[in-house]
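Asker: Sharing a structure with you now.
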Amino acid sequence: MAKIKVRQVKSSIKRPQDQKRTLEALGLRGIGQEVEHTTSPSILGMIEKVKHLVSTEEA
């Protein structure tokens, strides 16, 4: 399966609780942190939900 790198670029402060939980589920805890996930519909859905807080690239 393909891999995708996700990096948090904006803070989760003053964001709705569901967006904070989505970032935690992706494994992101702070600005600048980067994690790698396999591309799946659930991961892509989570990224879509917080796309204004993260940047992505193919790994």
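Asker: Could you list, in sequence order, all residues of the stretch 21-52 that are surrounded by fewer than 13 Cβ atoms within 10 Å (Cβ to Cβ) and either among the acidic types (Asp, Glu) or assigned to a loop (DSSP other than H, G, I, E, B) (or both)?
Answerer: Glu24, Arg29, Gly30, Ile31, Gly32, Glu36, Ser40, Glu48, Lys51, His52
Asker: Can you tell me which condition Ser55 does not meet? The list is (1) under 10 Å from the mean Cα position of the chain (by Cα); (2) surrounded by 12 or more Cβ atoms within 10 Å (Cβ to Cβ); (3) part of a helix (DSSP H, G or I), and all the others hold.
Answerer: (3)
Asker: Would you please name the residue that is surrounded by the most Cβ atoms within 10 Å (Cβ to Cβ), looking only at residues in the stretch 1-20 that are basic (Lys, Arg) and assigned to a loop (DSSP other than H, G, I, E, B)?
Answerer: Of the stretch 1-20, the ones basic (Lys, Arg) are 3, 5, 7, 10, 14-15, 20.
Now restrict to residues that are assigned to a loop (DSSP other than H, G, I, E, B): 10, 14-15.
Numbers: Lys10: 12, Lys14: 5, Arg15: 15.
Step by step, filter the stretch 1-20, then rank; the result is Arg15.
Taken together, the values in this text are just the output of simple stated rules run on the coordinates, not laboratory data. This one's a predicted model, so the numbers in the text were calculated from it and none came from an experiment. As a convention, Cβ positions derive from the backbone with ideal geometry for all residues, glycine included, and neighbour counts pool all protein chains shown.
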